[in-house]
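The values are calculated or read from the model by the stated rules, or taken from the named source; none is laboratory data. Given the structure is predicted, the values throughout are model-derived calculations rather than measurements. For neighbour counting, all protein chains shown are included, and Cβ atoms are generated from backbone atoms with ideal geometry for every residue, glycine included. Note: accessible area is taken over every heavy atom of the protein model, side chains too, but ligands, DNA and RNA are not part of it. Shrake-Rupley method; radii C 1.70, N 1.55, O 1.52, S 1.80 Å.
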Amino acid sequence: MLYKGDIRGISMKFYSRILDVIEKLLNLLLAFMLAVMVIAIALQIFLRAIGHANVWSEELARFLFAWLAFLGGCIAIRKNSHLYVDFFVDMMKPKVRSIVQSICMLAGTVLLIFLTMSSVDLIKNTFTNASAGLRIPMAYVYMCIPVGSILMLLFGIEYVYNTLKNASMVS
């Protein structure tokens, strides 16, 4: 039996608590990745200044940046902090605004599902391709697409639920 606030038997409070844990872990991971990226870039600058260029540090920074972008997008969805033009949306009544925001999130959901499905083939095809500097399979780099997309979908579900719930409270 489902109760108000439940989605297929899972309470939204419980779901949000799980997302809270995921968000905290993501924040730690993002901070670590950013620190490694800064160190790699600083090392690259230092080595170039003394005349010893290396390939791996620049490549590592690029790969970490891709992961930072996708994982950071998850946090941005949770905090509703993606950049968007809100001039017209702010002029709408709260209930209409919530519906428009939910429609936009659902359109983004379609894109994320497409990205996830397309990236699976990309990953399958790139396990044998190694990067030039680090010599790791490119599939590990491209895994940021489905991992980030799936996490964005999970955070997006909570966002749409809360947006619609708040809209129903306003009216």
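Taking other residues whose beta carbon is less than 15 angstrom from the beta carbon of TYR159, and scoring Lys, Arg as +1 and Asp, Glu as -1, yields +1. Charging the Cβ of each Asp and Glu at -1 and of each Lys and Arg at +1, and nothing else, the dipole of the stretch 25-171 about its Cα centre rounds to 240 debye. Which listed residue (SER119, CYS104, VAL141) has the Cα farthest towards the positive end of the charge dipole for the stretch 67-171, taking +1 on Lys and Arg C-beta and -1 on Asp and Glu C-beta about the Cα centre? It is CYS104. As a length-normalised measure over Cα pairs under 8 Å and 6 or more apart, the relative contact order of the stretch 92-171 settles at 43 percent.
On a per residue basis, the stretch 12-171 carries 62 Å² of accessible surface, using protein heavy atoms and a 1.4 Å probe.
Counting only the Cα atoms, the chain fills a convex hull of 135 Å³ per residue. From helices alone, the chain scores -26500 deg cm²/dmol at 222 nm; the rule is -39500 (n - 2.57) for each run of n ≥ 4 DSSP H residues, then divide by the residue total.
Couplings for the stretch 119-127, taken from phi via the Karplus curve 6.51 cos²θ - 1.76 cosθ + 1.60 with θ = phi - 60°, read 6, 4, 5, 4, 5, 4, 7, 10, 5 Hz in order; Gly and Pro are left as x. Element breakdown for the stretch 31-171 at a 1.4 angstrom probe: carbon and sulfur atoms account for 74% of the accessible area.
Averaging the sequence gap over all C-alpha pairs within less than 8 Å and six or more residues apart, then dividing by the number of residues, gives the chain a relative contact order of 26 percent.
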